[in-house]
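The values are calculated or read from the model by the stated rules, or taken from the named source; none is laboratory data. Only a predicted model underlies this, so the values are computations on that prediction, with no experimental measurement involved. Methodologically, a virtual Cβ is constructed for each residue, glycine included, from the backbone with ideal geometry; neighbour enumeration extends over all protein chains shown. Note: areas computed on protein heavy atoms with side chains; ligands, DNA, RNA excluded. Shrake-Rupley method; radii C 1.70, N 1.55, O 1.52, S 1.80 Å.
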Amino acid sequence: MLPAMRPLVVLGSVNADLYVEIDRLPVPGETLPGGAAAVRPGGKGANQAAAAARLGCPVRFVGQVGSDPFAGDLRAALAGAGVDTQALATVSGPTGQAFILLQRGGENSIIIVGGANRAWEAPPAGFAAILAGAGALLLQREVPEPVNLAAARAARAAGIPVVLDAGGDDGPLPAELLPLLTVVSPNESELARLTGMPTGTHGEVLAAARTLQAGGCGTVLVKLGARGCLLVGREVLAQDAFRVPVVDTTGAGDCFTGAYTAALIGGLPEQERMRRACAAAALCVQGKGALPSMPDSTTVAAFLASRGG
Ligand code: RIB
């Protein structure tokens, strides 16, 4: 799919996703029967790493699992997707977990228990060597902010572009992080929380993205779900989503960001990065689970061909 590429370094979370399928959310005090239950690999960092790797981008993952039975399966899932896990550390205590209530129609509600993802204060020793030769560093917000900040500083010092998926923690972004970012990618609700601005209309999304941009990051790439995405950089570009049947939206945003960053490293034109990211996300939502639903490059190419090239 893409010419020989420099590696992507993904620093972030890895979770055991504990799913239960439900008809609707319970109200306070109510007990409801659940449908199928399953444990699947996930976590925003792991999902994004797997998405890029499945699309043919070499990926080095930097993160932490705990010392429990989830850890081995998660390490194997990442490796199975083609991700280099040499920098995935094992620490004492629980692995990160996400409790996912999957509702009819594919929407979800998630509660995160951070576990090992929260048990570090800085990137690991040797992070500079892990970054060496990288085409980009990809971050999310499910690890402590000081870890992200130090990683972004190291990447920028080495001249490596930094992409931040704004998913995870809810608080404002540290002012010193924004100027280190080449691309920040929030969804509409994350953009609203980050800026304190409404994002209900196209004009409002644009204005909020411009506000983030004014904070110093180069490009804001807004994920608009079923409406595609909007990029606000030196120019403003839009990409429609592909209409598909939705089974499970968990990890679709991660799939989008991982695919976009792989295409960035691959040197594809901006509009084509956005189109491939939307195509990958459209495939992701058709399967259950986050990491297991990341499509490979052959599947994305066939999908795009079926939609007119
Ligand atoms: O973005 C989806 C992910 O969010 C899930 O895999 C879950 O682990 C949570 O981190």
Next on the checklist: Spelling out what I want: for every residue of region 292-308, take phi, set θ = phi - 60°, compute 6.51 cos²θ - 1.76 cosθ + 1.60 (Karplus), and round to whole Hz; glycine and proline get x.
Outcome noted: x, 9, 6, x, 8, 5, 5, 5, 5, 4, 5, 4, 5, 5, 5, 9, x
Checklist entry - Once Rh is set to the Kirkwood radius over Cα pairs, what Stokes-Einstein translational diffusion coefficient, in µm²/s, holds for region 32-137 at a temperature of 10 °C and a viscosity of 1.306 mPa s? => result 105
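At a 1.4 Å probe, what is the % contribution of carbon and sulfur to the accessible area of the chain?
Looking at the chain in its full context, I get 56 percent from C and S.
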Item to check | For D17, distant residues with modelled amide H under 5 Å away | outcome: R40, G42, A98
Item to check | Centroid-to-centroid separation of region 27-98 and region 175-235 [C-alpha atoms, Å] | outcome: 27
Checklist entry - Binned at 20 Å from 0, what are the whole-percent values of the Cα-Cα distance distribution for the chain, short to long? => result 36, 60, 4
Checklist entry - If you average the sequence gap of Cα pairs under 8 Å that are 6 or more apart and divide by the length of region 1-157, what percent do you get for the contact order? => result 30
Checklist entry - For region 255-309, what is the charge dipole size about the Cα centre, in debye to the nearest 20, if Lys and Arg each add +1 at the Cβ and Asp and Glu each add -1 at the Cβ? => result 120
Checklist entry - For region 239-284 and region 114-156, what is the separation of their C-alpha centers, rounded to whole Å? => result 24
Next on the checklist: Test of understanding: extend the Cα→C-beta vector of A37 to 7 Å, then name every residue of region 96-111 with backbone N under 15 Å from that spot.
Outcome noted: 98-102
Checklist entry - Spin-label point model (7 Å from Cα, Cβ direction): what's the A302 to R24 distance in nm? => result 3.9
Checklist entry - Within the chain, which cysteines find no other Cys whose Cβ is under 4.7 angstrom from their own? => result C57, C217, C229, C278
Checklist entry - Do any trypsin sites (Lys or Arg not before Pro) in region 1-77 lie in a loop, going by DSSP, with at most 16 other beta-carbon atoms within 10 Å of their beta carbon, and if so which? => result R24
Checklist entry - At a Förster distance of 51 Å, what's the computed FRET efficiency of L206 paired with A125, Cβ-Cβ distance as r, to 0.05? => result 0.75
Item to check | Cα-derived Rg to Rh of region 240-306, Kirkwood definition | outcome: 0.94
Checklist entry - Accessible area per residue of region 74-166 at 1.4 Å probe, in Å²? => result 40
Next on the checklist: To the nearest 20 Debye, how big is the dipole of region 165-300 about its Cα centre, given +1 on the beta carbon of each Lys and Arg and -1 on that of each Asp and Glu?
Outcome noted: 300
